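**Q** Questions regarding the structure given below will be posed in turn.
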Amino acid sequence: MSESTTTTSSRPAYYHEQDLAKFPDIGEGAPDLARKFFDWYGAVFAEGALTAREKSLIALAVSHAVQCPYCIDAYSKDALVKGSNIDQMTEAVHVAAAIRGGASLVHGVQMRNHVHDLGM
Amino acid sequence: MGRVLATLQKRGGMLAAAGAQRALLEGLPLTRRFEDALASSGLFPLRPTRLEILQINTGRRCNQTCRHCHVDAGPDRKEVMSRDVLDACLAFLERHRIPRFDITGGAPELHPDFREMVTRGAAAGARVMHRCNLTAILLPNYSDIPALLAKHRVEVIASLPYFQARETDAQRGEGVFDESIEGIRRLNALGYGRGTGLELNLVANPVGTFLPGSQPELQAMWKRELKRRFDLDFDNLFTITNMPISRYLEFLDERGKTLHYLTQLVNAYNPAAAAGVMCRNTLSVGYEGGLYDCDFNQMLELRVEGRAPQTIFEATLGALSAREIVVGQHCFGCTAGAGSSCGGAVA
């Protein structure tokens with residue numbers, strides 16, 4: 001184990017599960033902006049052209065793409081509450097992973113363009 | 001999980017005793033007491049409305065040992081309602097013309113007088129409701145039960161927490177899902193759930209420590225998936241919150257999630273659900289003849305208020321209608337979110 005890892009693990013973790021419940025407190029800084037954000041957030045997840053369950057699965061996938069522990073906790077639970085099962089949720093995470101992996105790989109085209117440009 | 005486990009009582013589990021469960025629940029450092037929540041909604045003390053449902057618990061015998069069972073029922077339990085108590089229940093039903101006769105357990109089919117209680121309940125003019133685990137009716141000596149239920153137009157309320165095996169078996173025991181599907185198939189073959197007026201309602205308890213989702217949305221999903229996968233039909237899906245009692249309380253306790261779960265329930269308190277709780281129109285009778293405000297209070301051995309009649313032998317409608325309903329911290333389970341009752345969401 002490296003020294004830096006040891007140092008890090010001896011400190012409290014950066015993310016705390018119980019902090020998710022404090023999310024509304026963000027409004028203490030800029031209440032008008034927070035209100036707009038939370039109103040909009042609520043509207044986004046309301047049943048619309050997509051079902052609430054479909055939106056929950058999208059949110060779960062995006063949570064993994066942006067690697068937000070709070071979002072992963074929240075939408076793992078929300079997806080179960082909305083009737084999704086672990087197979088569906090795992091497939092959603094694969095979608096996120098595929099896009100992340102694909103996004104790296106497709107930059108290979110850029111690499112190949114450069115190689116062709118630089119080579120003979 | 002195996003097909004059949006020992007019950008809490010058989011294992012001598014710490015939470016086998018109702019007193020131990022009550023002590024655990026009452027000792028939790030929750031932010032609110034249920035009485036205060038009711039008071040904030042103008043509902044304390046909670047009073048009954050009109051008695052519409054006589055719910056009898058026929059005993060603890062069951063062929064399954066579901067993980068979330070608030071009754072701690074199972075094959076190793078022997079308690080069953082006596083003949084005298086059953087007769088007194090049926091006499092009360094007839095005398096007061098109670099509209100609904102709700103038979104629960106354990107697995108009620110395993111009671112030796114189940115057929116008679118169905119027949120006499122229907123003859124009394126009540127709509128008989130049978131809480132069915134879908135697998136007892138497959139047992140060799142009970143295969144006549146579905147036809148009997150159909151003959152007396154009994155409403156069947158059957159447990160199916162999910163539309164695939166992994167989740168259902170995790171809660172109800174290995175192999176239970178496949179048998180449950182066969183149970184629904186037999187009921188469908190008799191016309192249950194297929195628009196004939198024979199009502200088949202399914203019950204979905206969350207498989208885990210979360211609260212139920214939207215009942216209409218889950219119902220649509222269950223209908224679509226059971227039709228697509230198995231060509232099965234039913235009428236309504238009832239979403240029911242897992243109650244922190246008996247084996248579900250043990251499950252929470254083992255995982256260190258009791259406080260977390262109860263906090264979820266407290267935070268999700270819904271005054272509209274509180275106004276519609278089932279204890280207001282239901283009277284629950286234990287296998288020993290005791291009177292309770294609901295089946296959950298029954299398992300916690302919380303009888304109806306002391307001034308009211310304590311057993312079915314002395315029960316009168318007038319004396320019961322004046323009682324205050326006995327509540328505790330577990331009652332947050334019926335008032336969370338859209339609420340929860342033996343008929344599903346209430347708000």
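The values are calculated or read from the model by the stated rules, or taken from the named source; none is laboratory data. Note that the coordinates shown come from a computational prediction; the quantities given were computed from them, not determined experimentally. Quick reminder, even Gly has a Cβ in these numbers, built from the backbone with ideal geometry, and neighbours come from all protein chains shown. To get the accessible areas, we keep the full protein, side chains included, count just its heavy atoms, and leave off ligands, DNA and RNA. Shrake-Rupley method; radii C 1.70, N 1.55, O 1.52, S 1.80 Å.
**Q** Short version: which residues of the range A:73-120 lose at least 30 Å² of accessible area, all chains versus chain alone, 1.4 Å probe?
**A** Those are A:77, A:80, A:81, A:83, A:85, A:87, which lose 30 Å² or more relative to the chain on its own.
**Q** Remind me, relative contact order of chain A in percent, using alpha carbon pairs under 8 angstrom and six or more residues apart? Walk me through the intermediate numbers first.
**A** Details: 57 pairs, mean separation 23.2, N = 120.
Relative contact order here is 19 percent.
**Q** I've got another one for you. Please list, ordered by chain and number, the residues whose modelled amide H lies under 5 Å from the amide H of residue B:238; skip anything fewer than 5 residues away on the same chain.
**A** Excluding prolines and chain starts, which carry no amide H, the hits are B:202, B:203, B:204.
**Q** Something else: In nm, to one decimal, how far is the modelled label at residue B:174 from the one at residue B:313, with both set 7 Å along Cα→Cβ?
**A** Using points 7 Å along Cα→Cβ, the separation is 4.6 nm.
**Q** Tally the DSSP beta bridges in the range B:110-225 and give the antiparallel ones as a percent, rounded to 5.
**A** Here the antiparallel bridges make up roughly 0 percent for the range B:110-225.
**Q** Under the definition of Cα pairs under 8 Å and six or more residues apart, what whole-number percent is the relative contact order of the range B:201-347? Working shown, then result.
**A** Working: 216 pairs, mean separation 40.1, N = 147.
RCO, the range B:201-347: 27 percent.
**Q** Same structure again: Accessible area of chain B with a 1.4 Å probe: how many percent of it is carbon plus sulfur?
**A** 52
**Q** Here's a follow-up. Starting from the coordinates of the alpha-carbon atoms of the protein assembly as shown, obtain the Kirkwood hydrodynamic radius over all distinct pairs and give the value in Å to one decimal.
**A** Final number for the Kirkwood radius of the protein assembly as shown is 24.5 Å.
**Q** Suppose we flag chymotrypsin sites (Phe, Trp or Tyr not before Pro) only when DSSP calls them loop and at most 13 other Cβ atoms lie within 10 Å. Which is the longest uninterrupted stretch of chain A?
**A** A:16-120
**Q** Identify the trypsin sites (Lys or Arg not before Pro) of the range B:51-126 meeting these criteria: DSSP loop state and at most 15 other C-beta atoms within 10 Å of the C-beta.
**A** Here the sparse-neighbourhood loop sites are B:78, B:97.
**Q** Using DSSP to call loops (not H, G, I, E or B), can you name the GluC sites (Glu not before Pro) in the range A:18-81 whose Cβ has at most 13 other Cβ atoms within 10 angstrom?
**A** For GluC sites (Glu not before Pro) across the range A:18-81 that sit outside H, G, I, E and B with at most 13 neighbouring Cβ atoms in 10 Å, the list reads A:47.
**Q** Measure nothing fancy, just the Cα-based angle from helix A:31-45's long axis to the longest principal axis of chain A, in degrees from 0 to 90, nearest 10.
**A** 80
**Q** Quick check: Cα centre of the range B:202-264 to Cα centre of the range A:54-117, how many Å?
**A** Cα centroid of the range B:202-264 versus Cα centroid of the range A:54-117: 27 Å apart.
**Q** In the structure displayed, which of A:36/B:227; A:77/B:223; B:78/B:151; A:55/B:223 lie more than 32 Å apart, Cα to Cα?
**A** Listed pairs above 32 Å: A:36/B:227.
**Q** For chain B, what does the relative contact order come out to in percent, with C-alpha contacts under 8 Å and a separation of six or more? Don't skip to the answer; put the middle values down first.
**A** On the way: 726 pairs, mean separation 79.7, N = 347.
About 23 percent, as a whole number.
**Q** Determine the calculated [θ] at 222 nm for chain B from helices alone, applying -39500 (n - 2.57) to every DSSP H run no shorter than 4 residues and normalising by the residue count; nearest 500 deg cm²/dmol.
**A** -10000 deg cm²/dmol
**Q** Oh, and also: Which ³J(HN,Hα) values, rounded to whole Hz and listed in residue order, are derived for the range B:301-306 from phi using the Karplus coefficients 6.51, -1.76 and 1.60 in 6.51 cos²θ - 1.76 cosθ + 1.60 with θ = phi - 60°, glycine and proline given as x?
**A** 6, 9, 5, 4, 3, x
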